[in-house]
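To start, the structure under review is shown below, and the notes come after it.
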Amino acid sequence: MSVATPSTTGFVEPAPSALLLLGRGVDLASERGVECVGDLPAPSDPDLVARARAARAALGDRAFVLGHHYQRDEVIEFADVTGDSFKLAREAAARPEAEFVIFCGVHFMAESADILTSDDQQVVLPDLAAGCSMADMAAIDQVEDAWDVLVEAGVADDTVPVTYMNSSAAIKAFTGRHGGTICTSSNAHVALRWAFDQVGGPDGRGKVLFMPDQHLGRNTAVQHLGMSLDDCVVFDPRKPRGGLTAQQLRDARMILWRGHCSVHGRFSERNVLDIRAAVPDVTVLVHPECKHEVVTAADMVGSTEYIIKALDAAPAGSSWAIGTELNLVRRLANAHPDKNIHYLDSTVCFCSTMNRIDLPHLVWAMEQLVAGRPVNRIVVDADDAHWARVALDQMLALPGY
């Protein structure tokens, strides 16, 4: 495998990685569903862009197309709004006149849009196999079993669940039923402070069950709440009782679910050291889903929206190494040719499931809607939708949101 060597100026495309292969192929036995009714256009179709424009024009105001920051440029071109997952879900809710919400993102994001939009609107995910590896690391039966373990340990009454947006609707609903809140990477510190206030405050003995990303929970607790790594334990749903003793659960303040982002989890402290050696005066900016040692070694840490705003405000000629998904970093480099923007890793790290949404799938979904055949509609169970909305509303009520 070739490795891209950072230069002091200009964006260097990382070397190919085996992760690219994860976005290809079909396994009908294990995936949510990737078969398309009708013909899926070929990626090589020379008329693909023209077909996309024609279908989009035919749908007009009946459709609202959302594009997550990690999507391919070919998809972002047709998005009415771009943003992170919750911003896009709220944008969808603010467009009640749109009959169809076409969510170019992943499954849990489309679920959130369905929860927040009206019953008259239909949320469409162009490829049902566009999931999220992190969200899939926490299944609802595992979470319910974990809560039973907390009950047996005598700590459930002093534990508040805080669930990251990157989770299924069922787990958001679990959080609402148990008096917890949802958080984003932007407001995780506010959500944690609120949660601890429900059980005696940050200096008490109350606990937070943080799901499903252990790194965001750990980084937020240590960097923003002044806790130590010793205050955190990791609950592994694949082990009996989460791999923890009752005493460990009683002593812990942060009970972290054993989940992570397959993209951000790839970055290492070695990446930070290498880029500092290669690029003088570089500022390392990473997402809080990165490992704790990466966040500690970086200069700045923030959400996707934070990263975008930081680059927008950066002075010309400044050098940056960004630790987040490659589609976004490449787009930032193209948008800021006056700045030296580098990808923190030396190999490609796309979100392979996000990349399932490509132009052929978007064209197919839009053309089916034009023909009066809505496809791949995302519908959340009514009871789950109610309790998930309770948890989401609690997040919206947090200070400063």
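At full extension, ASP383 and ALA93 could sit 102.5 nm farther apart than now, given 0.36 nm per residue minus the alpha carbon distance. Measuring against 20 Å, Cα to Cα, the residue pairs LYS87/LYS309; LYS172/LYS291; LYS309/LYS339; LYS172/LYS207 contain LYS172/LYS291 as the ones spanning a longer distance. As a fraction of the 1.4 Å probe accessible area of the chain, surface on carbon and sulfur atoms comes out at 49 percent. Of ALA98, ALA156, ALA58, the residue with the greatest mean-square motion in the GNM of the chain, using alpha carbon springs below 10 Å, is ALA58.
For LEU40 and LEU225, a Förster radius of 45 Å and the Cβ-Cβ distance give a FRET efficiency of 0.40, rounded to the nearest 0.05.
What the chain shows is 40 Å² of accessible area per residue, with the surface traced by a 1.4 Å probe over protein heavy atoms. Restricted to Cα atoms, the chain shows a radius of gyration and a Dmax of 21.3, 63 angstrom.
What share of the DSSP beta bridges in the chain is antiparallel, in percent to the nearest 5? Intermediate results must be reported in sequence, preceding the final value.
Numbers: 1 of 39 bridges.
Antiparallel bridges make up about 5 percent of those DSSP assigns within the chain.
Rg ratio for the range 31-123: its Cα radius of gyration over 2.2 N^0.38 Å, N being its residue count, equals 1.10. Calculated [222 nm] ellipticity per residue, helices only, for the chain: -11000 deg cm²/dmol; basis is -39500 (n - 2.57) per DSSP H run with n ≥ 4, divided by all residues, nearest 500.
The values are calculated or read from the model by the stated rules, or taken from the named source; none is laboratory data. Treat the numbers as computed from the prediction; the structure is a model and nothing was measured. Using ideal geometry, Cβ is built from the backbone for each residue, glycine included, and neighbour counts are taken over all protein chains shown. To get the accessible areas, we keep the full protein, side chains included, count just its heavy atoms, and leave off ligands, DNA and RNA. Shrake-Rupley method; radii C 1.70, N 1.55, O 1.52, S 1.80 Å.
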